[in-house]
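The values are calculated or read from the model by the stated rules, or taken from the named source; none is laboratory data. All figures in this text were calculated on a predicted structure; none of them were measured in a lab. Methodologically, a virtual Cβ is constructed for each residue, glycine included, from the backbone with ideal geometry; neighbour enumeration extends over all protein chains shown. Accessible surface areas use protein heavy atoms only, side chains included; no ligands, DNA or RNA. Shrake-Rupley method; radii C 1.70, N 1.55, O 1.52, S 1.80 Å.
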Amino acid sequence: MLGAAALFAEVAGAEEKVWLSADFAATSSLFDRGEQIGGPTLEFGATAETTVSGATVYAAFYRLLPVGPDQEAFDDEADYTAGLVLENDTVVADLSANWLTYPGEGAEASLELVGAFDFNAPYAPNITGFYDADFEDWGVEVSAGPSWDVGGWTSYALGRAGFVVPGDGSANRSYLGAEIGASRPVSDNVEFGIFARAEAADAESYADEIRNGAVTRFRDSGIAVGMTLSVSG
């Protein structure tokens, strides 16, 4: 949290403009790194960013809210992020520290460090790695895919693969996934999107049956559809 406070102070003192953005999403199921962390879910994110000495610094807030009759089977989540983006002609590097909290839940908060690297190459390859400084979980995900414009919509297809190594010594998890989606501007500052996503893992980490507010049976794959709304200014 001290890092986030320092970042806000830096943003406040910057001579460049501060850009604000907000993102909203609704999805039928929420997947993260080869496991399901939500059924029907609403997501909200807000970001403030500016340029300092040629780099982009930002602070962000993210909220995850499971909804519907099975919401008790999944944790609420609220995350606070401080980040730095560096770029050149080859790569855009996004380095961040994320304080992960779970309001009203029994799960413990933790500090997660993330490095995401987008390469200026065909199919926009990305490599993202994370390390949880409290639980010592870590993992890597790679993704890539084309995008194209059709009739005012920007469409994309994306493939992803990754693995997670839990810090508690339990079995590693590997996964594969595919996603398709499209977005289009609603106005100069608003964009609407839709997507469909499928994943499969070598562990049973996706909900198959939920009873009395708990997942009682798991499977090794899942499918989700959703929509997004992004506002910037």
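Within segment 119-126, not a single residue is open to solvent by 80 Å² or more (accessible area, probe 1.4 Å) and within 17 Å of the chain's Cα centre (by Cα).
Looking at Glu179, Glu136 in this structure, which one is open to solvent by less than 40 Å² (accessible area, probe 1.4 Å) and of a type outside the set (Val, Ile, Thr)?
On the way: Glu136 fails: open to solvent by less than 40 Å² (accessible area, probe 1.4 Å).
Criteria check complete, one pass: Glu179.
In segment 180-199, the residues that are closer than 30 Å to Asp220 by Cα reach residues that are aromatic (Phe, Trp, Tyr) with C-beta atoms within less than 6 angstrom, at least six apart or across chains, in these pairs: Gly181/Tyr156; Gly181/Phe195; Ala182/Trp153; Glu199/Phe31; Glu199/Tyr175.
Could you run through segment 71-80 and say how many residues are closer than 30 Å to Thr56 by Cβ and open to solvent by 60 Å² or more (accessible area, probe 1.4 Å)? Don't jump to the end; show me each part of the working.
The initial filter retains those residues of segment 71-80 that are closer than 30 Å to Thr56 by Cβ, namely 76-80.
The next check asks that each one be open to solvent by 60 Å² or more (accessible area, probe 1.4 Å); those that pass are 80.
Looking only at that region, the number is 1.
Of everything in segment 149-176 that's polar (S, T, N, Q) and exposed (fewer than 13 other Cβ atoms within 10 Å of the Cβ), which residue is nearest to the chain's Cα centre (by Cα)? Once the filter is applied, the top-ranked residue is Asn172. When restricted to residues that are more than 15 Å from Phe31 (Cβ to Cβ) and open to solvent by less than 40 Å² (accessible area, probe 1.4 Å), segment 182-209 contains 4.
Can you pull out every residue in segment 211-233 that is open to solvent by 40 Å² or more (accessible area, probe 1.4 Å) and closer than 30 Å to Ala46 by Cβ? If you could, list the steps in order and put the result at the bottom.
First, the residues of segment 211-233 that are open to solvent by 40 Å² or more (accessible area, probe 1.4 Å): 211-212, 214, 216-221, 223, 225, 227-229, 231-233.
Within segment 211-233, Ile223, Val225, Met227, Thr228, Leu229, Val231, Ser232, Gly233 qualify.
For segment 24-43, does any single residue satisfy the condition of being over 22 Å from Ala107 (Cα atoms), at pLDDT 95 or above, out of contact with any Leu (no Cβ under 8 Å at 6 or more places or on another chain) and open to solvent by less than 20 Å² (accessible area, probe 1.4 Å)?
Filtering segment 24-43 for residues over 22 Å from Ala107 (Cα atoms) gives 24-28.
Pick out the ones that are also at pLDDT 95 or above and you get 24-28.
From what is left, the residues that are out of contact with any Leu (no Cβ under 8 Å at 6 or more places or on another chain) are 27-28.
Narrowing the set further to residues that are open to solvent by less than 20 Å² (accessible area, probe 1.4 Å) leaves 27.
For segment 24-43, residues over 22 Å from Ala107 (Cα atoms), at pLDDT 95 or above, out of contact with any Leu (no Cβ under 8 Å at 6 or more places or on another chain) and open to solvent by less than 20 Å² (accessible area, probe 1.4 Å): present.
All of Glu87, Glu108, Glu77 fail the test of being over 19 Å from the mean Cα position of the chain (by Cα), closer than 23 Å to Val215 by Cβ and modelled with pLDDT of 95 or more, apart from Glu108. Listed conditions (1) buried (at least 17 other Cβ atoms within 10 Å of the Cβ); (2) in contact with a Lys or Arg (Cβ under 9 Å, 6 or more places away or on another chain); (3) in contact (Cβ under 8 Å) with a residue 24 or more places away in the chain are all met by Thr56, apart from (2).
Listed here are the residues, each with its yes/no results for (1) of a type in the set (Ser, Thr, Tyr); (2) open to solvent by 60 Å² or more (accessible area, probe 1.4 Å); (3) farther than 20 Å from Gly129 by Cβ.
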| position | (1), (2), (3) |
| --- | --- |
| Pro66 | no, no, yes |
| Pro69 | no, yes, yes |
| Ala82 | no, no, no |
| Val91 | no, no, no |
| Leu95 | no, yes, no |
| Ala109 | no, no, yes |
